[in-house]
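One structure below.
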Amino acid sequence: MTSSSLTLRAALVSILLFAAFILAWHLGVRGTGAVQQMDPEYAKLMGLTATQGKSAMPGPLDVGAKLWEHVRRPFYDNGPNDKGVGIQLAFSIARVAAGYLLAVLVAIPIGFLIGMSPLFSKALDPFIQVLKPISPLAWMPLALYTIKDSSLSAIFVIFICSLWPMLINTAFGVAAVRKEWLNVARTLEVGTLRRAFTIILPAAAPTILTGMRISIGIAWLVIVAAEMLVGGTGIGYFVWNEWNNLSITNVITAILLIGVVGMLLDLILARLTRLVTFPE
Amino acid sequence: MDKFISIEGIAKRYGATTIFQDLWLSVPRGGFTCVIGHSGCGKTTVLNILAGLDSPSAGVVIVDDQAIEGPSLDRAVIFQSHALLPWRTVMGNVAYAVSSRWRRHSRDQIQRQAQKFIDLVGLTGAEGKRPAELSGGMKQRVGIARALSIEPKIMLMDEPFSALDALTRGTLQDEVRRICRTTGQTVFMITHDVDEAIYLADRIVLMTNGPDAKLAEIVDNPLPKERARADIHRHPLYYAVRNHIIDFLVTRSKSFAQEGRAHDPRAVPLVRPGIIANQSPPDASARVA
């Protein structure tokens, strides 16, 4: 079997699974018709669930229609509680980008230091081991108290959760640079700074990028939760706001969009990783 | 004798284990010296000490009247595993060495110098390729070009051809011999391969098994400077030399300590297999101290 036919068959199976899921969903939330007679005024209060036997859960068609509505008008702004989903995603992405880039600026130099110096590796290890397992959201109250700005606090939470995978991978990548390459630099009398940039950085780049890829995934997971806490803007806030509006259709739509954006972020980092990876 | 490289009483110890000690050897300018011995005898350690990548537990190495203190651009190393930087092209790898040697050179000068040596090893046209796109032999050619491009005083080679197939190895040996002959390069090479040593070297140093390895003998290669791979085996002394080395590797490298001969590590005997044996009883080994 050629690989192209494998891809084709896999795609076929994916489509079939998707269709089966949609069908099951559609059947599962289908209304059962009028269940009981009641006073029309009372029926208005009770809503369709009680009067028509319709499930409170929206069906795939409702979600599809809502999704289409959002995709057609992603950037409208009708005030603080009614912004297009594109604007909300842009807020989230901007926060992730800010916190993440800050983490890159801190993690890579410190990772280099740890990877190149056994002293710092040992000295900083206990701090990293204790700080790493802390849920990033646990920092939120402290951040709100010290920074006194909810949006900046969210960025700080993203920073702290992106830091560890990058730091650990950078340190590992730097420490694991092949000895022969370092020996090449030594026999060529290459100075420390030039060696760091021309030998260690390119040699460790694939490992560093892998850490950055893990970090962006975690950052995107955390931003939703962080925005639910801080509120105001962002896709996490949108999800919580729509839950308060009891608009399950919007919640499901947002969930889908979060997944797609997360996938795109991962794809970008995967591409970058491939750019710096050279087989021997 | 001209002592361009002078190894003076070096030792290497790891804790209580002595890999070797009291090693003395001198190499003349322009000479091609091969060290042959079994794995674990410390050959690579000797080469790393010469390169400055390792330091001896005792003793010094003097090159061109200067004691070695760490690696130097005067001593280029060709690594067994070629050690090319996979993210750089052929040109990039050689240019990296050139720009390390001449930091103030312009891009253009660096490229020209690199190109010269890429041409010399026969890689013209492959400048833009990355190591992953090259065969094992081509990679090692890049390694040779990189080492030569910095115009070192000494080339140190650590089993440079051992990872190559026989055919490629032969071609590369021819190339190395041609290049070293034309440039008058001083070469110190480590090998496992008896034929390679005889074809390339002027002098072959025989090292006994470790631990506590010794330089047993230096075989003076009787082959003429102008030699061709095709007919070295027709030289009247070729088999005498070859058999002498193989005997050494098979039996004497293990039993050397029990041979009971007085061995002065400061004056390793220079032997010429076949030359005196013709006039002496067969069991007397051919030796001229």
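The values are calculated or read from the model by the stated rules, or taken from the named source; none is laboratory data. In this text the structure is predicted, and so the values were computed from the model without any measurement. Glycine also receives a Cβ, built like all others from the backbone with ideal geometry; neighbour counts cover every protein chain displayed. Accessible surface is based on the protein model in full, side chains and every heavy atom, while ligands, DNA and RNA are left aside. Shrake-Rupley method; radii C 1.70, N 1.55, O 1.52, S 1.80 Å.
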key: All positions within region B:20-46 that are among the aliphatic types (A, V, I, L, M) and more than 18 Å from B:Asp158 (Cα to Cα)   = B:Leu23
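Could you tell me which of the residues A:Leu246, A:Leu229, A:Leu267 is more than 14 Å from every other protein chain (Cβ to nearest Cβ), touching a residue at least 12 places away in the same chain (Cβ under 8 Å) and open to solvent by 60 Å² or more (accessible area, probe 1.4 Å)?
Exactly one of A:Leu246, A:Leu229, A:Leu267 is more than 14 Å from every other protein chain (Cβ to nearest Cβ), touching a residue at least 12 places away in the same chain (Cβ under 8 Å) and open to solvent by 60 Å² or more (accessible area, probe 1.4 Å), namely A:Leu229.
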request  = Sort through B:Ala145, B:Ala126 and tell me the only one that's closer than 28 Å to A:Pro206 by Cα, part of a loop (DSSP other than H, G, I, E, B) and at pLDDT below 95.
outcome  = B:Ala126
inquiry  = Regarding region A:195-212, can at least one residue be identified that is over 15 Å from B:Leu84 (Cα atoms), β-branched (Val, Ile, Thr) and away from chain B (no Cβ under 14 Å)?
reply    = yes
inquiry  = Please go through region A:181-192 and give me each residue that is within 13 Å of chain B (Cβ to nearest Cβ) and either open to solvent by 40 Å² or more (accessible area, probe 1.4 Å) or in a helix (DSSP H, G or I) (or both), ordered by number.
reply    = A:Trp181, A:Leu182, A:Asn183, A:Val184, A:Ala185, A:Arg186, A:Thr187, A:Glu189
ask   = Which one of the conditions (1) surrounded by 23 or more Cβ atoms within 10 Å (Cβ to Cβ); (2) away from every other protein chain (no Cβ under 13 Å) does B:Ala147 fail to meet, given that it meets all the rest?
value = (2)
request  = Please specify each residue of region A:179-229 satisfying the condition of being closer than 16 Å to A:Val104 by Cβ and charged (D, E, K, R).
outcome  = A:Arg213
query = Can A:Trp220 be described as in contact (Cβ under 8 Å) with a residue 12 or more places away in the chain and within 14 Å of another protein chain (Cβ to nearest Cβ)?
reply = no
ask   = Of the residues that sit in region A:270-280 and are aliphatic (A, V, I, L, M) and within 13 Å of chain B (Cβ to nearest Cβ), which one is surrounded by the most Cβ atoms within 10 Å (Cβ to Cβ)?
value = A:Val276
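Run down B:Ala216, B:Ala197, B:Ala163 and say which single residue is hydrophobic (A, V, I, L, M, F, W, C) and in a loop (DSSP other than H, G, I, E, B).
Answer to the selection: B:Ala163.
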ask   = For region B:1-100, which strands (runs of 3 or more DSSP E) that fit wholly inside it have 3 or more residues that are in contact with a Leu (Cβ under 9 Å, 6 or more places away or on another chain) and not β-branched (Val, Ile, Thr)?
value = B:5-14, B:17-27
remark   = Of (1) in contact (Cβ under 8 Å) with a residue 40 or more places away in the chain; (2) more than 26 Å from B:Gly40 (Cβ to Cβ), B:Leu237 satisfies every one except (1)
key: Positions within region A:134-180 being of a type in the set (Asp, Glu) and open to solvent by less than 50 Å² (accessible area, probe 1.4 Å), in sequence order   = A:Glu180
task = Keeping to region B:50-74, report how many residues are within 14 Å of another protein chain (Cβ to nearest Cβ), open to solvent by 60 Å² or more (accessible area, probe 1.4 Å) and not hydroxyl-bearing (Ser, Thr, Tyr).
result = 1
